[in-house]
1. If we sort 322-329, 302-309 on the protection proxy, mean other Cβ atoms within 10 Å, highest first, what's the order?
2. Give me the percent relative contact order of region 241-361, please, defined on Cα pairs under 8 angstrom at least 6 residues apart.
3. Just order 174-186, 448-460, 415-427 by mean Cβ neighbour count inside 10 Å, highest at the front, would you?
4. Using amide H atoms built 1.01 Å from N in the peptide plane, name the residues 5+ places from residue 338, or on other chains, whose amide H lies under 5 Å from its own.
5. Taking the beta-carbon count within 10 Å as an exposure proxy, list 194, 290 from fewest neighbours to most.
6. Beyond a 27 Å Cα-Cα separation, which of these cross-linked pairs lie in this structure: 178/456; 220/456; 225/403; 222/511; 222/403; 121/178?
7. Ranked from highest to lowest mean number of other Cβ atoms within 10 Å per residue, what is the order of the peptides 293-300, 397-404?
8. Check which residues have an amide H placed less than 5 Å from residue 294's amide H, if you skip close sequence neighbours.
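Rule-based calculations on the coordinates, nothing more; no lab input. The model shown is predicted, which means the values in this text are computed figures rather than measured ones. Counting neighbours? That spans all protein chains shown, and the Cβs are built from the backbone with ideal geometry, glycine included.
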Amino acid sequence: MIDFGTTDDDDEDQDTAAGAESTSNENEEESSQAESARPQPARQTIALTQQQILQLLGNTGLRGLFANVIGQQGGGLVADDDDDDDYEDDSYLGWHPMGRRSRRPRREGAGYPKVPSEAGKQLMESGAFGTTERLRGTFGRKRKLAYRNMMRELGVGGYGAQKSASKLISQTMIPSTKADSIINYNHKCYSGQFSDDGNFFFSCAQDFKVRMYDTSNPYKWKYYKTAHYYGGQWTITDATLSPDNRFLAYSSIRSVVCLSSTDPDNTMDPTMLDFADMGQARSGRGWGHFGIWSLRYSGDGREIVAGTSDQSVYVYDIETRQSILRIHGHRDDVNAVCYGDKSSPHILYSGSDDTTLKVWDRRSMGDGREAGAFVGHTEGITYIDSKGDGRYVLSNAKDQTMKLWDLRMMMSTERFDKIDPEEHTTGFDYRFAPFDEQEYVAHPHDCSLVTFRGHKVLKTLIRCHFSPPGSTDGRYVYSGSHDGSVYIWNMDATLAGKIDVLEATRNSRPKRTRDMLIAGSTAVDAANGVPSFETPVGIPLHQSLLQPHGTDGTTAWEHVQCTAGTTATTLTKVSPRWERVSTHNLKKTVDTTKAPQLPLLEPHQPDDRGL
């Protein structure tokens, strides 16, 4: 609570001066008592939330700070409506184009849904999301993992029982915080994704590079290749892998998508796909340039759907090299798109900053309208993911919730037309301040099945997914979080696990050294007793590649970076191995056959493969 002292000129003090002790000093005492009886400043209390203080510290200004203190306790300030005339675009201050953020009155029963969710429990028992164990025995106890393994090895029960036991074993295998492999880059990694079979992984970073890995051996990844996006803006926003794993499409905040082969032997530059090109029959490049936030391959690999910054959804035909459909169906950026069914490209989903998730049926779009909509988020949607069965879809949003939807429960177009999404949003800008969950008010028309919460959707477009059907049998849903963790939920909204990625990668980056060395054997400096390298006189060390030296001819440099003209270097021992390179003047060099052998060192500068 912060108190601001203000003076109230209308208040009067009721106290009066006491009588004088003597008649001679009566005038002097009355004047002094009158001065002490002067009205004291009245203190007025203004309540400020934590978010408002953070906005003030973030240079949002007093105007933005007190924009929504109307109606607070303690005589809050009242915003002047006359300021609306000179209002300009203040979106960078945390204000939304839809209008100013204002405190909504809380209603009875408003707030987050209860956990566990009854609808989620029914989904878990339905068999659509994994296998449910049947409790047996007098007390209905759950069987432990060791018991299930024993029964499976003994072959107890029929084929169906053994198959069910295997699913129960696999779906309980949730990753832990302890990492098996860590790859470090010099730039922030924006996103990454496995292929459906788990044998391929790619990562997108802010250096506009997509790095690809062979993950068929999960404990020893093999670097494939690196694809570049030349002329990108800010970062690579999204990437999608073709169903046959042969091509990778990736985007930036431009209308051009890069299509690269995943074959490591293919060194050709990526093919540029201009989504703004609608063809001559579709008014050419009439739609102009825009940024792309989301990409998805169709199930047959012939099309790519994109969500863009011009409030539209584009469908691009790879064979004809042009966009064949543009759907202008949102009021704000389309942050996420996906296909509803892997076997059919007809159903599309799109999630936008206008808080709505819309369903599009390409077979019945004569009027250009959506087939239906999902309403329930009160802030912008950051990501959506389809289960691939044409029924269930998952969404993440800036209201700090993730929601599960059923296509059979979508809102009809007629009913959706009667709802104004702007009436149920505050226009929260997640880039500048944390979300105040005490201000959350549930959407009165929420048609979602289950609501998941506990993670933080801040700063960037946080993603969410269904768990892999091959390993966990689609038993869980999970999401990234601004706090550096991955949250995993059961379908009833209870937390099944948490992977603390921030803790797992803490201090994992190797110490960077200015020089890089890969070498074989050494000579010894007799003066200092440390291993040393020597090159032929007059040849710079960084140019002495594969130059044999010594009586046995075993000493060689594969790659050394040092100051030009250096004739010798000293390796300083940094436990547990030799890794630091520095220049050194040799006084005496002994025979390399008598020198200690130095093991092969790995490079200590990150390259395209990462560290």
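1. Numbers: 322-329: 18.5, 302-309: 23.5.
Highest mean packing first, the order is 302-309, 322-329.
2. Numbers: 297 pairs, mean separation 21.6, N = 121.
The value is 18 percent.
3. Details: 174-186: 13.4, 448-460: 20.7, 415-427: 15.8.
Packing proxy ranking, top to bottom: 448-460, 415-427, 174-186.
4. The list, which skips near neighbours in sequence, is 349.
5. Working: 194 15, 290 20.
Starting with the residue having the fewest Cβ neighbours, the order is 194, 290.
6. Working: 178/456 22 Å; 220/456 32 Å; 225/403 36 Å; 222/511 23 Å; 222/403 36 Å; 121/178 30 Å.
Result: 220/456; 225/403; 222/403; 121/178 exceed 27 Å.
7. Details: 293-300: 20.9, 397-404: 26.5.
Packing proxy ranking, top to bottom: 397-404, 293-300.
8. Residues meeting the criterion, in which the H sits 1.01 Å from N, are 307.
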